[in-house]
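Enquirer: Before I ask anything, let me first share the structure, which is written out below as structure tokens.
The values are calculated or read from the model by the stated rules, or taken from the named source; none is laboratory data. Note that the structure is a prediction, hence the values are computed from the model and not measured. Because the Cβ atoms are built from the backbone with ideal geometry, glycine has one as well, and the counts that use them run over all protein chains shown. Each accessible area value is taken on the protein alone, full model and side chains, heavy atoms only, with ligands, DNA and RNA left out. Shrake-Rupley method; radii C 1.70, N 1.55, O 1.52, S 1.80 Å.
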Amino acid sequence: MSATHSIMTPRKQDRRQRRSPVLFALALFAFAPLLMFLSGCDTPGSHTNTANTPETLSVQQVRVHLASVTAISTSVRIAQRHLYPFSQSNVGLMQPAVDAQGNIWVGEMHSNRLGRLNSHTGVVTSWEPPGARYGIMTTTIDAQGDVWFTEQNANYIGRFDPAHRAFRIFPLGNVNGSPLGPQDLRFDSRGLLWFTAATAGAIGRLDPTSGAIRTWLIPSPAPTIPSSPYSFTVTSAGRVWFGEFADGVIGTLDPRTGQVIFYDLPDPQTQVFSMATDSAGHLWFTEVLPGKLAMFDPATDTLTELAVPAASGKPPALYELAIDHQGQIWFVDVGAGALVRYVPLQHSLTFFQLSLLSSAPFGLALDPAGNIWFTAGGSPANYIGEMAPEGK
């Protein structure tokens, strides 16, 4: 069944006091109820959905080199944006994805539905996935146009076929008695679907053709701290980079060898939220706290952290990040109520203030034409917004 409605188009000692991943939602104002995490498991190993055969991972710890920071120029603009409001109140819009037809797909966490905005007509249609438990987190689109999503609370990955209006569910099961609780989601260059599982301290991979699921349990970055890989990205060579949400650590997994390398960040309380790699192989990521944009160069183990200024008088809180075709870094700053662009070659930050009243921006996605799409909510007013290239 679907519901359709028209839209009007206007590793240190202080790490023992580990922050729970749920703390990130507190910085997102009214988004606090959106995400709930269970305790993780820090036992290394690997298993599939048909067998549970532990295997030992090779773990290495590497010290990062801190780069000096070049002076950054900052400017503020009023964003030229178009908002598509949702008729229902406080639906809880999460991370969006854009398909080839220009439809924007997003989880409606508070309404327990998968939503689609037709950007050409302004019509929103939504479907309730089978067995969903108000935990749809991340969406992504495959080469055939099918929509994939994580259902964290119901512990599965789902696929939706828009042509036939049909769901298929891939249950993830438990690891050492703990549900995986999938979070982030993306395809690699071979069409395999990877996901993070912060609740179980794991990274997983689903083969969409066979349905086979394999998980790698990430060891704890410190003796008393369970692992919680949250955000991640997969390079063209198949290496997985991930961010530990509450441990002040980034890491990399080589699935072929089982090698895991941890890189300690300067602040052990750093919360990594979103990651992407650029064409040069640099890893970019947002730090919700302490509000920094970071770039890591794997070739030299060098970390550059850019402190984002408080553009609207509120502390920065950085969330979803994406890299456009020009190599420009885009991210959400909830504190400023803005989309922010960083141009590496110019060392410049531009804040595009969204003027969303009581709503806060959250998710971010780029379409093939270079348009920027974002979600906003946290109040009765919920939007999918578009900022076109001319607004840049």
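Enquirer: I need the phi-derived Karplus couplings for segment 116-130: 6.51 cos²θ - 1.76 cosθ + 1.60, θ = phi - 60°, integer Hz, Gly and Pro marked x.
Expert: Values per residue, Gly and Pro as x: 9, 9, 7, 5, 7, 10, x, 8, 9, 10, 9, 9, 9, x, x Hz.
Enquirer: Next question. Over the Cα atoms of segment 185-264, what radius of gyration and what Dmax do you get, in Å?
Expert: Rg then Dmax for segment 185-264, in Å: 12.1, 39.
Enquirer: Using a simple charge model, +1 on the beta-carbon of Lys and Arg, -1 on the beta-carbon of Asp and Glu, nothing else, what dipole does segment 101-182 show about its Cα centre, in debye to the nearest 20?
Expert: Values: 6 positive and 6 negative charges, 18 e Å.
Approximately 80 debye in magnitude.
Enquirer: Which of the trypsin sites (Lys or Arg not before Pro) across segment 148-215 are loop residues per DSSP, with 11 or fewer other Cβ within 10 Å? Write out the running numbers ahead of the final one.
Expert: Working: sites: ARG159, ARG165, ARG168, ARG186, ARG190, ARG205, ARG214; in loops: ARG165, ARG190.
For trypsin sites (Lys or Arg not before Pro) across segment 148-215 that sit outside H, G, I, E and B with at most 11 neighbouring Cβ atoms in 10 Å, the list reads ARG165, ARG190.
Enquirer: A follow-up question, please. Looking at the P(r) of segment 201-242, how many percent of alpha-carbon pairs lie beyond 14 Å? If you can, show how the numbers build up before the last one.
Expert: Numbers: 498 of 861 pairs.
More than 14 Å apart: 58 percent of the Cα pairs in segment 201-242.
Enquirer: A further question follows. Between GLN144 and ASP278, what is the spin-label point distance in nm, taking each point 7 Å from the Cα along the Cα→C-beta axis?
Expert: 3.6 nm
Enquirer: So, by mean Cβ neighbours within 10 angstrom, what's the order for 292-302, 368-378 with the highest one leading? Write down the numbers at each step before the final one.
Expert: Values: 292-302: 16.6, 368-378: 21.3.
Top of the packing list down: 368-378, 292-302.
Enquirer: Ok, one more. Can you pull the Rg over Rh of segment 207-337, Cα-only, Kirkwood? Numbers along the way, then the final one.
Expert: On the way: Rg = 15.3 Å, Rh = 15.5 Å.
Checking Rg against Rh, the ratio lands at 0.99.
Enquirer: How long are the three semi-axes of the equivalent ellipsoid of segment 120-268, in whole Å, if each is the root of 5 times an eigenvalue of the C-alpha gyration tensor, listed from largest down? Write out the running numbers ahead of the final one.
Expert: Details: eigenvalues 157, 55, 44 Å².
Whole-Å semi-axes of the equivalent ellipsoid: 28, 17, 15.
Enquirer: For labels at ASP254 and HIS120 in the simple 7 Å Cα→Cβ model, what's the distance in nm?
Expert: 4.7 nm
Enquirer: Might you tell me the accessible area per residue for segment 329-392, computed with a 1.4 Å probe and given in Å²? Walk me through the numbers on the way to the answer.
Expert: On the way: 1800 Å² over 64 residues.
The answer is 28 Å² per residue.
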